[in-house]
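Have a look at the structure below, then the notes.
The values are calculated or read from the model by the stated rules, or taken from the named source; none is laboratory data. Given the structure is predicted, the values throughout are model-derived calculations rather than measurements. Cβ placement follows ideal geometry from the backbone for every residue including glycine, while neighbour counts extend to all protein chains displayed. The area values use the complete protein model at the heavy-atom level, side chains included, leaving out ligands, DNA and RNA. Shrake-Rupley method; radii C 1.70, N 1.55, O 1.52, S 1.80 Å.
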Amino acid sequence: MKAVHFGAGNIGRGFVGLILHKAGYEIVFADVAAELIDTLAAADNYKVHEVGAEPRTWTVDNFRALNSATNEAGVIDEIATADMVTTAVGPNILKFVAPLIAQAIKKRSGELPPLQVLACENALYATNNLRAEVAVAVDAETLAAKAIFANTAVDRIVPAQDPAAGLDVTVEDFFEWAIESGPFGDSVPEIADVHFVADLEPYIERKLFTVNTGHATLAYHGRARGAETLAAAMDIDAVASEVAAVLAETSAMLIAKHGFDASEHAEYVATCMRRFSNPHLPDTPERVGRSPLRKLSRNERFVSPASELAASGTTPGALLRAMGAALHFAVPEDPESVRMLELLSSLSAADFVTEVMGLREGDALYADAVETVSAQS
């Protein structure tokens, strides 16, 4: 079995690549980062160090690496004969890998089983978005015959790495990867560490609105109080209280919407709080808080659950406070942070809410969001 994976960074090597390796796949990493790809191509293996309550180390081998910027033809050929293609490049980058996948699908032999395409991104239904980009260049009949697109929910904290670590990656010892089973019919892949589920939406939203919402809340409030690491931020009572308050709000929304068992969901939240406090992960507010404009957008971790709560008649005060903290995320090295501050200074609060958060006058959250932005501008 062969999988082509776009994104040879820490998540690609330390999460998706590791799980596929353990399942017996040969992995072809594709990335535009020339130095990283060259180093990976010259290596026989790399190690993934899981840290936490149950630490262990895995050795990953049986992989190759190609530069998708300078060797598009080679990447297309690999995808055309692969069993699976996965991504961990960021939701905004999917449109750039889609043309290569499209060309590979058109080139793929009709005698091969359909290519399995999975976008492993921190976004709602990222594979649907990738499919839409691919469909621009592939007719519907060919796409239906030669490819299967399945949405996924991925969860593993992979912090910034020590530059001296080389290709080795340190990750938390917890992970979860859920994939919708329906698109595969009777041909569900055999990947031991993956949960195939009939309805993915509850898993996607549980993860995004618990792990990602809580993680970002911790980053923004922690940075505002001078914490250098997320574990240190969790040691600040006021910050930990804000994270707990946010997750109480998202929990109420998730339980009402998806019918989660309240006690089981409470344990899931408690597990996430312990993960955020993992002292073995040198994660920083700057890394987790980066790309604030995306994180403040309509279908993301703050506005989406807050909008649902507001529509039900509940004022999401903790989520609004987290959004307010995000508006103070001033990190010159992060282009979105710089752009956000520019927009805050050039737009009215109402226009910022409309253009960045995707809310319109009449939306249940609109007035509270405008007030939040006004207070921080």
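Quick rundown of the values:
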read-out: Residue selected from the range 54-112 under the condition at pLDDT below 95 and more than 17 Å from L18 (Cβ to Cβ), by the criterion most open to solvent (accessible area, probe 1.4 Å); value: N92
read-out: Tally of residues being open to solvent by 50 Å² or more (accessible area, probe 1.4 Å) and modelled with pLDDT of 95 or more across the range 202-227; value: 4
read-out: Selected residue (criterion: least open to solvent (accessible area, probe 1.4 Å)) from residues of the range 228-258 that are free of Cβ contacts under 8 Å to residues at least 60 places away in the same chain and of a type in the set (S, T, Y); value: S251
read-out: Matching residues in the range 43-53 - criterion: being aliphatic (A, V, I, L, M) and modelled with pLDDT under 95; value: V51, A53
read-out: The range 39-53: number of residues that are in contact (Cβ under 8 Å) with a residue 24 or more places away in the chain, open to solvent by 40 Å² or more (accessible area, probe 1.4 Å), of a type outside the set (V, I, T) and not in a strand (DSSP E or B); value: 2
read-out: Test: D193 is under 23 Å from S277 (Cβ atoms) and either touching a Cys at 6+ places or on another chain (Cβ under 9 Å) or not hydroxyl-bearing (S, T, Y) (or both); value: no
read-out: Residue that is most open to solvent (accessible area, probe 1.4 Å), among those in the range 259-309 that are among the acidic types (D, E) and not in a helix (DSSP H, G or I); value: D261
read-out: The range 331-377: number of residues that are surrounded by fewer than 16 Cβ atoms within 10 Å (Cβ to Cβ) and charged (D, E, K, R); value: 8
read-out: Any hit, the range 174-194, residues being open to solvent by less than 10 Å² (accessible area, probe 1.4 Å) and of a type in the set (D, E); value: no
read-out: Any chance E228 is among the acidic types (D, E) and outside any helix (DSSP H, G or I); value: yes
read-out: Answer residue from the range 310-330, given it is open to solvent by less than 10 Å² (accessible area, probe 1.4 Å) and not small (G, A, S) and is farthest from L341 (Cα to Cα) among those; value: P316
read-out: Looking only at the range 150-168, and only at residues there that are open to solvent by less than 10 Å² (accessible area, probe 1.4 Å) and either over 21 Å from R274 (Cα atoms) or of a type in the set (D, E, K, R) (or both), the one that is nearest to the chain's Cα centre (by Cα); value: D155
read-out: Strands (runs of 3 or more DSSP E) within the range 136-211 that include 2 or more residues in contact with a His (Cβ under 9 Å, 6 or more places away or on another chain); value: 169-172, 176-180
read-out: In the range 17-38, the residues that are surrounded by 15 or more Cβ atoms within 10 Å (Cβ to Cβ) and within 13 Å of W58 (Cβ to Cβ); value: G17, L18, I19, L20, H21, A23
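Residues are listed down the side, and each one gets a yes or a no for (1) out of contact with any His (no Cβ under 7 Å at 6 or more places or on another chain); (2) within 18 Å of T354 (Cβ to Cβ); (3) β-branched (V, I, T); (4) modelled with pLDDT of 95 or more:
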| position | (1), (2), (3), (4) |
| --- | --- |
| S307 | yes, yes, no, yes |
| T314 | yes, no, yes, yes |
| G317 | yes, no, no, yes |
| R339 | yes, yes, no, yes |
| E342 | yes, yes, no, yes |
